[in-house]
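Here is the structure we will look at, set down as structure tokens.
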Amino acid sequence: MKKLVGIVGTNARHSYNRQLLTFMQRHFQDQAEIEILELTDVPLFNESTDGSDSPVIQNFNQKITAADGVIIATPEHNHSLPSALKSILEWLSFKLHPLDGKPVMIVGASYSVQGSSRAQLHLRQVLDAPGVNASVMPGSEFLLGRAQAAFDEQGNLKVSGTVDFLDSCFAKFLKFVDVIGELNVPDAISYQPGTYAVHATGHNGEIPMSVTLSKDRIENIQIDTSTETAGISDVAFERIPKAIIDGQTLAVDAISGASMTSHGVIDGVATAVKEAGANPDDLKKRRGGTTAAQPEAPVQTLDTDVVIVGAGGAGLTAAAKVLQSGQRALVLEKFPSVGGNTVRAGGPMNAADPDWQNQFAAIPGEKHTLKALAELDPQTIDPEYRADFETLRGQINDYLNQTTGQPGYLFDSKLLHRIQTYLGGKRTDLNGHKIYGQYDLVKELTDHALDSVKWLESIGVQFDQSQVTMPVGAIWRRGHKPMGDLGFAYIKALQPYVESHGGTIMTETAVQRLTTADGRITGLIAEGPAHQRIEVTAKAVILASGGFAANVKMLQKYNTYWTAIDDDIQTTNSPAMTGDGIELGTRVGADLVGMGFSQMMPVSDPDTGELFTGLQVPPQNYVMVNQQGKRFVNEYGSRDELTQAAIDNGSLFYLIADDEIKKTAYNTSQEKIDQQVAAGTLFRANTLADLAKQIKVDPAVLTATIKAYNSYVDAGEDPEFHKNAFDLKVQVAPFYATPRKPATHHTMGGLKIDTGAHVLNAGGQVINGLYAAGEVAGGIHAGNRLGGNSLADIFTFGRIAAASAVADECAVETE
């Protein structure tokens, strides 16, 4: 007798789909044993909090694996599947794959005449999707309409014709189970020996691979990662090939935070296997290891001076600073790799350094910007900043007078950085609430950002002294650009420094809660990579876990600034940025500030949200055109100004550049450019007219737009959109168009802190033993963060948090 599993597709207390499965269990008891599984305790799917080994998910996994087939009874919710059913299917296709090749019968009951037809169609699409790969019985769907009147008091179907049709469907399913069982018996695998050149889809596009096969084994996998952004997918490139070779299987788990790259490598090897004459589907059915729950690991207890949550730039900076103070530091990171959002950053960090900046000439438009700033009415400046503004006006006027009649040098000062940070973050939300950066926090940032640059240099970060750069939305040229691998350049120095100076970094370790005693934080509880409980006792906890730009539901919950945030919006962030640290803090009484304000990155990849595709050049160089080929905004504007303008123009737009502007790109290489042109994600042409045709705009309009823009560069003034800084014209072929769309980028709100990075409660009192640094904290950037200020923030407040923690909590033992 066949053993089947029936899944009730809802967690509702009363369900006609449960009643239908119960009827089938009784009615077909002589033909099959049907065990009914409920969704009641299934957690909402969350990639960041892996529940694959939890008892409820393992129960589903083991029952389905052991069964001959599965029956899923789905209700219909808004013409689609209920969220509970979606969650279990996501859990069973994330790291566990019991439905792969498993025969599935779809049934459903609904109040409407059509039954659950639309939900069944959606369910069929989900079950057919890669990662699920169920074998769904074609046709013979059982749709029970008007379910509220379909059963008698004993729970039996009333209409004999309905029962007859169900009998027919079930009989076909039993035959289908036999057929699929025969198909699932894998053939012996034999390869045509050789080394096969294939491609994988990486974080930044197609990457070359070579796969070496002997007659019966995958022997070697080599991946050329030279075009990938260092630090983002490194773990996937290391682990996925090893898992494939060790298990001689393609049924390997994707790496959290690098799922696209993981599947790209798997697909690349599958291509090689196919070219070698074998069927990759057979390898996908091979399991390299058991999917059963592992024995419970013993509780691990650790003791340290300072424990830091998050191994991005802020967390590693805090750890390094703690170690420099002679204390012990433990860093916990929930993802498999370190770096957080820092490895995804463009690289330049803001810090006013006049001695360095004054060596560079001013570019057209910068004097105009300073003059306009000095002419602001002081009464429009909030009282806390007014004295600084008056002093700054004097600095600017002295500079303008000194350089009258000449181009002048690049001016900057800590006060200019401070006032621009204040003005750049000043916003009013949809409810009329005005917000701007907390003065003492902004002062702390702008006064000590240069100290952070010097400190980073002392631990091994090298900066390019040959240019002062400016990322999108930074307003002013004060960016210190690291040499080498963009944001990863910081992590490449910080991680080895921490590890070589006695610090401990534990990855795949998710913090679940903070522990308290006698009104202070005493440590935390975490879950390790083997799902073991980890108890950490510490004198201080520093939260450095980032913001929540990758958590759409949280964004939507707190949003008070954007008119709408779409469910399917992309993000530039690491998938780890889900607001965990904010949740940890609020559970122990932390106050929040500015949570309604999130920032979009206007110049993101339309399909992935990434920053490192196309040509990313300083905004004084590129030209933004809409889908009609016209400029629509001041390219030098703040990020939310650019974002709203893009939204108002249909979201999709293009960055236009030429061959000289291409040379100023800080995110690419010629090889990568050629690959993206070939892939159709970047457009290139020898004339503007041909470029216009590629991006489907009127050639005459685009040509006229660029002609007018070039004249503004010559004049140093933009009468259309008042762009206030220019450098290069668009005039040297070939010409480029990079497609862009806004994506979530930064969350300005977070835990309320003071200038010592102490976390505060709703009464403004310090929560003893708890500190926060970086995007997890709010109050600095207010309604909009200037480009380049986030890196200045994490390195400055990471150092401050560590210094405060050591001084407050470790000083007694040190003395």
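Of the DSSP beta bridges with both residues in region 2-184, give the percent that are antiparallel, rounding to the nearest 5.
10
Please get the size of the charge dipole for region 194-285, origin at its Cα centre, with Cβ charges of +1 on Lys and Arg and -1 on Asp and Glu, quoted in debye to the nearest 20.
In total the dipole reaches around 200 debye.
Just to check I understand the Karplus step: with θ = phi - 60° and J = 6.51 cos²θ - 1.76 cosθ + 1.60, what whole-Hz values come out for region 548-565, glycine and proline as x?
The phi angles translate into 9, 5, 9, 10, 4, 4, 5, 4, 5, 4, 8, 4, 10, 10, 8, 4, 6, 10 Hz.
Summing +1 for each Lys or Arg and -1 for each Asp or Glu, what net charge is found among the other residues whose Cβ lies under 12 Å from the Cβ of Gly346? All intermediate terms of the calculation are to be shown ahead of the outcome.
Details: positive: Arg344, Lys481; negative: Asp485, Glu610.
Neighbour charge sum, excluding Gly346 itself: 0.
What list of ³J(HN,Hα) values in whole Hz, one per residue of region 152-166 in order, does the Karplus curve 6.51 cos²θ - 1.76 cosθ + 1.60 (θ = phi - 60°) give from phi, with Gly and Pro shown as x?
Using θ = phi - 60°, the values come out as 8, 5, 8, x, 9, 5, 7, 8, 5, x, 5, 5, 4, 5, 5 Hz.
Would you mind getting the accessible area per residue of region 194-285, heavy atoms of the protein chains only, 1.4 Å probe, in Å²?
39
Report the charge-dipole magnitude of region 2-184 in Debye, nearest 20, computed about the Cα centre from +1 at each Lys and Arg Cβ and -1 at each Asp and Glu Cβ. Each step should come with its number before you reach the end.
Working: 15 positive and 20 negative charges, 65 e Å.
Charge dipole of region 2-184: 320 debye, to the nearest 20.
Averaging sequence separations of C-alpha pairs under 8 Å and six or more residues apart, then dividing by the length of region 2-184, give the relative contact order as a whole percent.
21 percent.
How are the C-alpha pair distances of the chain spread across 10 Å bins, as whole percents from the shortest bin up?
The distribution over the chain is 2, 12, 19, 22, 19, 14, 7, 3, 1, 0, given as percents.
Please list, in chain and number order, the residues 5+ apart from Gln467 or on another chain whose amide H is under 5 Å from its amide H, with Hs placed from the backbone.
Answer set, sorted by chain and number: none.
Which aspartates and glutamates, if any, have their Cα less than 14 Å from the Cα of Lys752, not counting same-chain residues under 8 positions apart?
Asp440, Glu583, Asp591, Glu775
How many percent of the accessible area of the chain is carbon or sulfur, using a 1.4 Å probe?
In the chain, the share of accessible area belonging to carbon and sulfur is 49 percent.
If amide H atoms are built 1.01 Å from N in the plane of the peptide, which residues on other chains or at least 5 residues away come under 5 Å of the amide H of Gly101?
Under 5 Å from the amide H of Gly101 lie the amide H atoms of Ala134, Ser135, each far enough along the sequence or on another chain.
Going by a ≥ b ≥ c, the root eigenvalues of the Cα gyration tensor, does region 231-382 fall in the rounded group (a/c under 1.5), the prolate group (a/b larger than b/c) or the oblate group? Walk me through the numbers before you get to the answer.
Details: a/c = 3.54, a/b = 1.77, b/c = 2.00.
Oblate is the answer for region 231-382, as a/c is 1.5 or above yet b/c matches or exceeds a/b.
Keeping all protein chains in place, calculate the accessible area per residue for region 316-419 (probe 1.4 angstrom), answer in Å².
With all protein chains present, region 316-419 gives 38 Å² per residue.
Which order do Arg513, Arg587, Arg631, Arg386 take by accessible area at a 1.4 Å probe, largest first? Each step should come with its number before you reach the end.
Working: Arg513 110, Arg587 140, Arg631 20, Arg386 65 Å².
Per-residue accessible area, sorted high to low, gives Arg587, Arg513, Arg386, Arg631.
Net charge near Tyr561, counting Lys/Arg +1 and Asp/Glu -1 over other residues with Cβ under 15 Å of its Cβ? Walk me through the intermediate numbers first.
On the way: positive: Lys426, Arg427, Lys434, Lys557, Arg639, Arg785; negative: Asp429, Asp566, Asp640, Glu641.
Counting the neighbours of Tyr561, the net charge comes to +2.
How much of the DSSP beta bridge set in the chain is antiparallel, as a percent to the nearest 5?
Values: 58 of 102 bridges.
Bridges in the chain are about 55 percent antiparallel.
Given Cα pairs under 8 Å that are at least 6 residues apart, what percent is the relative contact order of the chain?
13 percent.
Would you mind checking Lys95/Lys481; Lys95/Lys175; Lys481/Lys663; Lys175/Lys215; Lys693/Lys729; Lys414/Lys434 for any pair whose Cα atoms are more than 27 angstrom apart?
The answer is Lys95/Lys481; Lys95/Lys175; Lys175/Lys215.
Roughly what angle does helix 117-128 make with the longest principal axis of the chain, taking Cα atoms, 0 to 90 degrees, to the nearest 10?
80
Once the whole set of protein chains is in place, how much accessible area is left on Arg239, using a 1.4 Å probe, in Å² to the nearest 10?
We get 90 Å² for Arg239.
Rounded to the nearest 20 debye, what is the charge dipole size of the chain about its Cα centre when +1 sits on each Lys and Arg Cβ and -1 on each Asp and Glu Cβ?
Computed charge dipole of the chain: roughly 980 debye.
Can you list the trypsin sites (Lys or Arg not before Pro) in region 6-111 that are in a DSSP coil and have 13 or fewer other beta carbons within 10 angstrom? Can you show the working numbers first?
Values: sites: Arg13, Arg18, Arg26, Lys63, Lys86, Lys95; in loops: Arg13, Lys95.
Here the trypsin sites (Lys or Arg not before Pro) that fit, given the DSSP loop and packing criteria, are Arg13.
Rounded to the nearest 500, what is the 222 nm mean residue ellipticity of the chain from helices alone, with -39500 (n - 2.57) per DSSP H run of 4+ residues and division by all residues? Intermediate results must be reported in sequence, preceding the final value.
On the way: 24 runs with 280 residues, N = 815.
After summing the helix terms and dividing by the residues of the chain, the value is -10500 deg cm²/dmol.
Return the sequence-ordered ³J(HN,Hα) values of region 528-545 in whole Hz as given by the Karplus equation 6.51 cos²θ - 1.76 cosθ + 1.60 applied to θ = phi - 60°, using x for Gly and Pro.
Values per residue, Gly and Pro as x: x, x, 9, 6, 7, 7, 10, 10, 10, 9, 8, 6, 8, 10, 10, 8, 9, 9 Hz.
Quick one: which residues, 5 or more positions from Ile7 or on another chain, have an amide H under 5 Å from its amide H? H modelled 1.01 Å from N in the peptide plane, none for Pro or chain starts.
Sorted by chain and number, the residues that satisfy this are Leu37, Ile71, Ile72, Ala73.
Once you list every other residue whose beta carbon is under 11 Å from the beta carbon of Leu611, what net charge do they have if Lys and Arg are +1 and Asp and Glu are -1?
My count for the surroundings of Leu611 gives 0.
The values are calculated or read from the model by the stated rules, or taken from the named source; none is laboratory data. Worth saying up front: this structure is predicted, and the values here are computed from it rather than measured. Every residue, glycine among them, receives a Cβ derived from its backbone with ideal geometry; neighbour counts consider all protein chains shown. These area figures cover heavy atoms from the full protein model, side chains too; ligands, DNA and RNA do not enter into them. Shrake-Rupley method; radii C 1.70, N 1.55, O 1.52, S 1.80 Å.
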